[in-house]
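The values are calculated or read from the model by the stated rules, or taken from the named source; none is laboratory data. Keep in mind the model is a prediction, meaning the values are calculated, not measured. Please note: Cβ atoms are built from the backbone with ideal geometry, for glycine as well, and neighbour counts cover all protein chains shown. SASA here: full protein model, heavy atoms, side chains in, ligands and nucleic acids out. Shrake-Rupley method; radii C 1.70, N 1.55, O 1.52, S 1.80 Å.
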Amino acid sequence: MSGMVGPGAGVAAGVEDALSILVGERLRYLGRAADLAWIGFGDDVEVRSELTGAMRTLAEHALHVQCALRIAGPDGPFVGGGDMWIWPDPGAADRERPDVGEALFDRRADQLASVGDTGLVTVATIQADDWGGFVLLCSHGWSVEVFPDTTASEEQWRYFRPGDHDSHFVVFDEEEASK
């Protein structure tokens with residue numbers, strides 16, 4: 001496990017190095033658990049669940065994002081992290097915040113899976129900054145933008161290969177990054 005403990009000089013280079021493995025990989029899917037967004041890239045891999053022991057099919061590469069996130073398509077913004085708290089249907093706004101599966105984010109995640117199934121959207125380049133943010137510029141006018149939006153040194157996002165505990169790259173968490 002590696003990562004960055006806080007923003008500053010050299011963070012951009014570290015982020016670009018860690019995420020360079022995604023260049024050429026296809027954008028597969030998007031989902032969430034509460035306010036954590038997960039994004040899959042690459043081919044299918046079989047991974048044993050640590051909780052149940054059952055085998056699961058996941059994408060080869062994963063990003064878990066707990067800060068501002070936007071995925072844009074060729075026509076503009078497609079989905080953002082704030083969409084986790086927006087009802088997709090008129091008239092639902094008077095209810096409590098939507099659960100997983102009920103929000104605009106979830107509807108857009110399902111639509112993105114259809115795009116990912118085509119295999120046409122692949123990561124072309126990575127542009128990072130010294131504050132832990134990055135943009136994955138993808139083919140066909142798509143992009144994935146991650147923007148740490150706090151000054152606290154707590155986890156904003158992580159990259160890893162499912163099933164490989166040594167592959168985790170964490171931005172920013174002093175405890176995790178020091179392991």
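Using a Gaussian network model of the chain with C-alpha springs under 10 Å, which one of Ala152, Ala54, Ala113 is most mobile by mean-square fluctuation?
Ala54
Using a 1.4 Å probe and counting only protein heavy atoms, arrange Asp75, Asp17 so the residue with the most accessible area comes first.
Working: Asp75 160, Asp17 115 Å².
Putting Asp75, Asp17 in descending order of accessible area: Asp75, Asp17.
Val79: net charge of surrounding residues, Cβ under 15 Å, Lys/Arg +1, Asp/Glu -1, itself excluded?
Numbers: positive: Arg28, Arg32, Arg70, Arg107, Arg108; negative: Asp35, Asp75, Asp83, Glu102, Asp106, Asp110, Glu145.
Surrounding charge for Val79 is -2.
Based on Cβ point charges of +1 for Lys and Arg and -1 for Asp and Glu, what charge dipole magnitude is obtained for the chain about its Cα centre, in debye rounded to the nearest 20? Spell out each step's value before the answer.
Details: 13 positive and 31 negative charges, 73 e Å.
Dipole about the Cα centre, nearest 20: 360 debye.
For the chain, with a Gaussian network of springs between Cα atoms less than 10 Å apart, report the residue from Gly116, Gly40, Gly141 with the top mean-square fluctuation.
In the Gaussian network model the winner is Gly141.
In terms of solvent-accessible area of protein heavy atoms at a 1.4 angstrom probe, what is the ranking of Arg48, Arg161, Arg28, highest value first? Mind dumping the intermediate values first?
Numbers: Arg48 145, Arg161 75, Arg28 30 Å².
If we order Arg48, Arg161, Arg28 from most to least accessible, we get Arg48, Arg161, Arg28.
Need the full-extension length gain, Thr150 to Glu16, defined as separation in residues times 0.36 nm minus the C-alpha distance. One decimal, nm.
Length difference between fully extended and current span is 46.2 nm.
Solvent-accessible area of Trp85, probe 1.4 Å, all protein chains present, reported in Å² to the nearest ten, please.
Near enough 100 Å² of accessible area.
With all pairs of different alpha carbon atoms counted, what Kirkwood hydrodynamic radius in Å does segment 1-69 show?
Working: mean 1/r = 0.0716 Å⁻¹.
Radius from the Kirkwood sum: 14.0 Å.
Within 10 Å of each candidate Cβ there may be at most 16 other Cβ atoms; applying that plus a DSSP loop requirement, which GluC sites (Glu not before Pro) in segment 5-71 survive? Present the calculation step by step, with values, prior to reporting the outcome.
Numbers: sites: Glu16, Glu25, Glu46, Glu50, Glu60; in loops: Glu25, Glu50.
Passing sites in segment 5-71 are Glu50.
Can you classify segment 9-111 as rounded, prolate or oblate using the Cα gyration tensor, where a ≥ b ≥ c are the square roots of its eigenvalues, rounded means a/c under 1.5, and otherwise it's prolate if a/b beats b/c and oblate if not? Show your work: numbers first, answer last.
On the way: a/c = 1.98, a/b = 1.35, b/c = 1.47.
It comes out oblate by the Cα gyration axes.
Sorting Leu36, Leu19, Leu137 by accessible area (1.4 Å probe), largest first, what list results? Write down the numbers at each step before the final one.
Details: Leu36 35, Leu19 0, Leu137 60 Å².
Result of the area sort, largest leading: Leu137, Leu36, Leu19.
Kindly identify the chain as rounded, prolate or oblate by the Cα gyration tensor criterion: order the square roots of the eigenvalues as a ≥ b ≥ c, call it rounded if a/c is under 1.5, otherwise compare a/b with b/c, prolate if a/b is larger, else oblate.
Numbers: a/c = 1.34, a/b = 1.27, b/c = 1.05.
Judged from the Cα gyration tensor, the chain comes out rounded (a/c under 1.5).
Can you check what the net charge comes to around Pro88, using other residues whose Cβ is under 10 Å from the Cβ of Pro88 (Lys, Arg +1; Asp, Glu -1)? Don't skip to the end; give the middle numbers.
Working: positive: Arg107, Arg108; negative: Asp83, Asp89, Glu102, Asp106.
Once all neighbours under 10 Å are counted, the net charge is -2.
What FRET efficiency comes out for the pair Asp89/Ala9, r = Cβ-Cβ distance, R0 = 45 Å, nearest 0.05? Kindly include the intermediate steps, with their values, before the conclusion.
Numbers: r = 47 Å, r/R0 = 1.04.
It comes to 0.45.
When Lys and Arg each count +1 and Asp and Glu each count -1, what net charge do the other residues less than 11 Å away from Val11, Cβ to Cβ, add up to?
My count for the surroundings of Val11 gives -4.
Using label points projected 7 Å from each Cα along Cα→Cβ, tell me how many nm separate Asp129 and Glu50, to one decimal.
The modelled label-to-label distance comes out at 3.2 nm.
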